[in-house]
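*Asks:* Before I ask anything, let me first share the structure, which is written out below as structure tokens.
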Amino acid sequence: MAVIVDKSNLVGNLTSAHLAKIFRMENRRWTDGRDVVVVLHSASAGEKATLERLLKISDNEWQALVAAHKTSLKVVGSDSEVLDFVESTAGAIGLVDMHSINGQINVVKVDGKLPTEAGYLPH
């Protein structure tokens with residue numbers, strides 16, 4: 001899995017702690033003041049497992065978190081829809097299979113590592 005943001009987002013690296021706060025909906029603004037817009041892939045087992053590990057929560061806790069913030073999250077049905085949404089939405093962040101990455105978005109380092117490097121958090 002790879003953490004992605006829109007091309008205009010200048011964030012190149014996030015700590016795993018900061019990323020967890022974003023996906024817990026605790027951090028709602030980027031450092032430039034823009035709103036964070038979280039997009040989730042509803043059918044991605046990889047995304048779900050990654051977020052459960054990142055957030056250190058169970059499946060039930062994850063489902064409760066999503067339900068509590070359903071008006072603040074965008075949920076789509078495929079990696080291509082995540083890519084399209086992130087590409088076209090300023091402040092958007094999402095997770096996609098690293099094989100889905102295209103040049104229309106920015107891939108974010110997590111704790112200084114890219115998805116192809118050992119130790120990249122979402123693995």
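*Asks:* If I stretch the segment between Asn102 and Leu73 completely, what's the gain in nm (0.36 nm per residue apart, minus their alpha carbon distance), one decimal? Intermediate values should be presented prior to the final figure.
*Replies:* Working: separation 29, 0.36 × 29 = 10.44 nm, distance 2.26 nm.
Full extension of this stretch gives 8.2 nm more.
*Asks:* I want to check the label-to-label distance for Lys21 and Ser42. Put each point 7 Å from Cα in the C-beta direction and report it in nm to one decimal.
*Replies:* Calculated label separation equals 3.1 nm.
*Asks:* Report which label in [x] 14, 52, 33, 2; [y] 12, 31, 37, 17, 3; [z] 14, 48, 33, 5, 0 holds the value of P(r) over Cα pairs in 10 Å bins from 0, in percent derived from the coordinates of this structure.
*Replies:* [x]
*Asks:* Can you tell which of Ala67, Gly46, Thr15 lies farthest toward the positive end of the dipole of region 2-110, using +1 and -1 charges on the Cβ of basic and acidic side chains (Lys, Arg; Asp, Glu)?
*Replies:* Value computed over the given set: Thr15.
*Asks:* So, one more: Treating cross-link reach as a plain straight distance, find the lysines whose alpha-carbon is under 23 Å from the alpha-carbon of Lys70, omitting any fewer than eight places away in the same chain.
*Replies:* Lys21, Lys48, Lys56
*Asks:* Dipole of the chain, Cα-centred, from +1 at each Lys and Arg C-beta and -1 at each Asp and Glu C-beta, to the nearest 20 debye?
*Replies:* It comes to approximately 360 debye.
A short reminder: the numbers here are calculations on the coordinates, not readings from a lab. Here the structure is a predicted model, which is why all the values come from computation and not from measurement. Ideal geometry is used to build each Cβ from the backbone, glycine not excepted, and the neighbour counts take in all protein chains shown.
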